[in-house]
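The structure appears below as structure tokens.
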Amino acid sequence: MVLRTIKLGETDRIVTMLTRGNGKVRAVAKGIRKPGSRFGARLEPTSHVALQCYRGRELDIVTQVETIDSNRALREHYGCLTHAVSMLEAVDQVALEREPNLALYRMLASALRTLAREPSPIVSAAFFWKLLSLEGFHPMLDTCARCGRPVAEPGEPGTFVTFDLGEGGVLCADCAHGGGRRTSSEALTIVGRIVDGQVRGVLDDPPPEAVLREVERLAISALEYASDRRLRSAALL
């Protein structure tokens with residue numbers, strides 16, 4: 001899965017990819033910016049490819065590329081592209097070079113396919129939350145992350161609960177003084193369904209736009225806190 005590319009010299013590019021068996025790999029695609037390049041547009045971000053590389057000391061050299069799925073639909077719609085790029089950036093931040101992570105690879109491939117088929121911001125929001133869970137930051141939503149007491153009923157409309165990024169979950173009224181961010185019960189319900197594997201149900205019955213934006217903003221904040229890095233593409237969402 002091609003995550004990003006940067007120019008190198010006058011005709012080459014450095015391509016960063018998440019691979020099935022070797023984790024994150026960076027390789028040079030020589031001559032890719034020349035007219036008539038044999039690699040053409042196959043190594044664009046969001047593309048799913050099969051490729052051969054020559055192992056180099058610091059950077060590999062791409063020797064052959066075949067397209068599995070170009071995910072072209074993602075690059076033809078600005079809304080889809082911004083959400084796809086944010087997912088690619090998040091993966092680039094958490095993936096380790098030469099460290100296989102099959103679950104992450106499969107999750108990204110599935111998310112991009114779903115986004116191309118169903119252009120909804122729910123896909124990227126769900127991806128962020130599932131990525132956090134995969135990295136060991138599974139949010140605590142039913143009990144206070146600090147004292148363990150139950151919090152407000154998750155389905156009660158209009159209820160606000162404090163979500164603390166440092167604690168990794170919601171806080172009860174007694175523990176919430178002086179920290180955290182107010183989060184609606186409706187948004188936390190959607191987060192709970194996402195991390196419990198009910199993304200299909202959320203896509204079929206999406207929440208109001210305001211709730212979806214809240215779920216997405218909270219996911220981005222949690223991801224940035226966990227990685228201690230800004231998600232630059234989030235500004236486009």
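Annotations for the structure displayed:
- Some residue of region 144-155 being hydrophobic (A, V, I, L, M, F, W, C) and within 15 Å of the chain's Cα centre (by Cα): no
- If the condition is being exposed (fewer than 14 other Cβ atoms within 10 Å of the Cβ) and small (Gly, Ala, Ser), then region 203-237 contributes Ala210, Ala235.
- Only one of the listed residues (Leu223, Leu141, Leu165, Leu231) is more than 22 Å from Met107 (Cα to Cα), in contact (Cβ under 8 Å) with a residue 60 or more places away in the chain and not assigned by TED's automatic domain parsing to the domain that holds Asp92. That residue is Leu165.
- Among the residues examined, Arg42 qualifies as surrounded by 13 or more Cβ atoms within 10 Å (Cβ to Cβ), among the basic types (Lys, Arg) and not in a strand (DSSP E or B).
- Options Leu74, Leu96, Leu104: the member that is outside the structural domain of Asp204 (by TED's automatic domain parsing) and touching a Cys at 6+ places or on another chain (Cβ under 7 Å): Leu74
- When region 64-89 is filtered for residues that are among the hydroxyl-bearing types (Ser, Thr, Tyr) and free of Cβ contacts under 8 Å to residues at least 60 places away in the same chain, the ones remaining, listed by number, are Thr67, Ser70, Tyr78.
- Per the listing Ser124, Ser110, Ser120, the residue uniquely without any contact (Cβ under 8 Å) to a residue 12 or more places away in the chain and hydroxyl-bearing (Ser, Thr, Tyr) is Ser110.
The values are calculated or read from the model by the stated rules, or taken from the named source; none is laboratory data. All values derive from a computational prediction rather than experimental measurement. We place every Cβ from the backbone using ideal geometry, glycine too, and count neighbours over all the protein chains shown.
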